[in-house]
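So the structure is just underneath, and the comments pick up after that.
The values are calculated or read from the model by the stated rules, or taken from the named source; none is laboratory data. Given the structure is predicted, the values throughout are model-derived calculations rather than measurements. Every residue, glycine as well, gets a Cβ built from its backbone with ideal geometry; the counts of neighbours run over all protein chains shown.
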Amino acid sequence: MDPLSKLSELLGSISVLGAIQAGAPVSESARPDRLDSFDVENLRIPKGMRTFALKVRGDSMINAGIHTGDVVILDFEKEPKNRDIVAALIDGDSTLKRYIVQRGRPFLKAENPAYPSLIPAQELVIQGVLVALFRQVT
């Protein structure tokens, strides 16, 4: 178990590790832009679930109710199912999209008609499956 996950499990919180683009995929290192934490019990996430959080940037998932500034909570270990929302690495770039399988082939679909579907040329790695969403109302 990595140190951040172990710390989150011990403290009962989930740390925001950085940001993810909900738009065109981008190459980004996984460095935190801030470190917040959320109470696992209030989010109704089972204890022991291996989770991480990312702040959303972009508007490709607005029709799924995910907006810039939202924080998505993702499960490291959950196997993605057709139509799940995932954080993914597609041909080396990261993005937040809907995971779709058609005719046995996976691809990523935006929830905004202004963005095209993303079909992997070489690789598609699912980094986490959405389990919760946090939005701060100001």
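Of the strands (runs of 3 or more DSSP E) contained entirely in segment 72-115, those carrying at least 2 residues that are closer than 13 Å to GLY128 by Cα, touching a Leu at 6+ places or on another chain (Cβ under 8 Å) and free of Cβ contacts under 8 Å to residues at least 60 places away in the same chain fall at 85-90, 93-102. Quick check: anything in segment 84-91 more than 16 Å from the chain's Cα centre (by Cα), over 20 Å from LYS55 (Cβ atoms), modelled with pLDDT under 95 and not hydrophobic (A, V, I, L, M, F, W, C)? Yes, some residue in segment 84-91 is more than 16 Å from the chain's Cα centre (by Cα), over 20 Å from LYS55 (Cβ atoms), modelled with pLDDT under 95 and not hydrophobic (A, V, I, L, M, F, W, C).
Listed conditions (1) closer than 13 Å to ALA19 by Cβ; (2) in a loop (DSSP other than H, G, I, E, B) are all met by ASP59, apart from (1).
For every residue, the table says whether it meets (1) surrounded by 16 or more Cβ atoms within 10 Å (Cβ to Cβ); (2) at pLDDT 80 or above; (3) over 29 Å from TYR115 (Cβ atoms); (4) within 13 Å of the chain's Cα centre (by Cα).
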residue	(1), (2), (3), (4)
VAL16	yes, no, no, yes
ALA22	yes, yes, no, yes
SER37	no, no, yes, no
GLY48	no, no, yes, no
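Does segment 71-97 hold any residues that are of a type in the set (Lys, Arg) and surrounded by fewer than 21 Cβ atoms within 10 Å (Cβ to Cβ), and which are they? LYS78, LYS81, ARG83 - these are the residues of segment 71-97 that are of a type in the set (Lys, Arg) and surrounded by fewer than 21 Cβ atoms within 10 Å (Cβ to Cβ). Residues in segment 116-138 that are in contact (Cβ under 8 Å) with a residue 60 or more places away in the chain and part of a strand (DSSP E or B): 6 in all. Here SER94, SER8 are screened, and the one residue that is polar (S, T, N, Q), touching a strand residue (DSSP E or B) at 6+ places or on another chain (Cβ under 8 Å) and at pLDDT below 90 is SER8. Counting the residues of segment 108-127 that are in contact with a strand residue (DSSP E or B) (Cβ under 7 Å, 6 or more places away or on another chain) and not basic (Lys, Arg) gives 11.
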